[in-house]
Amino acid sequence: MILVDTSVWIDYLNGVKNRHTDTLDAGIVEGTVGMGDLIFLEILQGIRDDRQYRLTRQTLLTLGRMEMFGEGMPDKCAENYRVLRKKGITIRKTTDAIIATFCIERRMPLLFLDRDFIPFVDHLGLLSVLPET
């Protein structure tokens with residue numbers, strides 16, 4: 001099972017072709033893509049057209065959803081943020097800390113385009129689906 005960050009989903013849903021969206025497409029076909037509730041929220045809140053919103057929502061619901069910010073996660077996310085901050089690295093978005101920590105805790109690889117995840121890979125053991133990301 002892999003988790004796919006919003007950055008890749010946005011490209012995928014907009015028809016962008018690259019190795020990340022190709023990997024996502026293959027994962028959907030293979031049934032190896034999981035959907036986090038936070039990522040589900042980020043994707044849907046960015047859709048302006050009502051028809052597209054309904055269609056995208058219905059499609060994403062077929063993947064099921066995982067609760068990403070459950071019991072114990074606030075402490076773990078804060079600790080990961082603090083570890084990076086002590087190294088002089090500031091994570092710009094709390095959602096990235098949540099997504100990365102969720103994946104680290106579950107040893108679940110993350111497919112991402114957002115460079116903000118690289119410190120989590122380099123310093124905290126986040127697994128990247130595409131290692132050279």
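Tabulated data
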{"item": "Test: residue in the stretch 79-100 that is touching a Phe, Trp or Tyr at 6+ places or on another chain (Cβ under 9 Å), of a type in the set (Gly, Ala, Ser) and in a helix (DSSP H, G or I)", "result": "yes"}
{"item": "For residue 36: the one exception among (1) touching a helix residue (DSSP H, G or I) at 6+ places or on another chain (Cβ under 6 Å); (2) buried (at least 16 other Cβ atoms within 10 Å of the Cβ); (3) under 22 Å from residue 97 (Cβ atoms)", "result": "(1)"}
{"item": "Selection count, the stretch 101-123, where residues are assigned to a helix (DSSP H, G or I) and crowded, with 16+ Cβ neighbours inside 10 Å", "result": "9"}
{"item": "Residues that are in contact with a strand residue (DSSP E or B) (Cβ under 7 Å, 6 or more places away or on another chain) and within 17 Å of residue 76 (Cα to Cα), drawn from the stretch 101-126", "result": "102, 103, 108, 117, 121, 126"}
{"item": "Residue match in the stretch 78-90 (condition: of a type outside the set (S, T, N, Q), without any contact (Cβ under 8 Å) to a residue 12 or more places away in the chain and either within 18 Å of residue 130 (Cα to Cα) or in contact with a Lys or Arg (Cβ under 7 Å, 6 or more places away or on another chain) (or both))", "result": "no"}
{"item": "Residue that is surrounded by the fewest Cβ atoms within 10 Å (Cβ to Cβ) [pool: residues in the stretch 11-22 that are under 14 Å from the mean Cα position of the chain (by Cα) and over 14 Å from residue 59 (Cβ atoms)]", "result": "11"}
{"item": "Residue that is surrounded by the most Cβ atoms within 10 Å (Cβ to Cβ) [pool: residues in the stretch 39-50 that are part of a helix (DSSP H, G or I) and touching a helix residue (DSSP H, G or I) at 6+ places or on another chain (Cβ under 7 Å)]", "result": "39"}
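Just so you know, all these numbers are worked out from the coordinates, no wet-lab data involved. All values derive from a computational prediction rather than experimental measurement. Every residue, glycine as well, gets a Cβ built from its backbone with ideal geometry; the counts of neighbours run over all protein chains shown.
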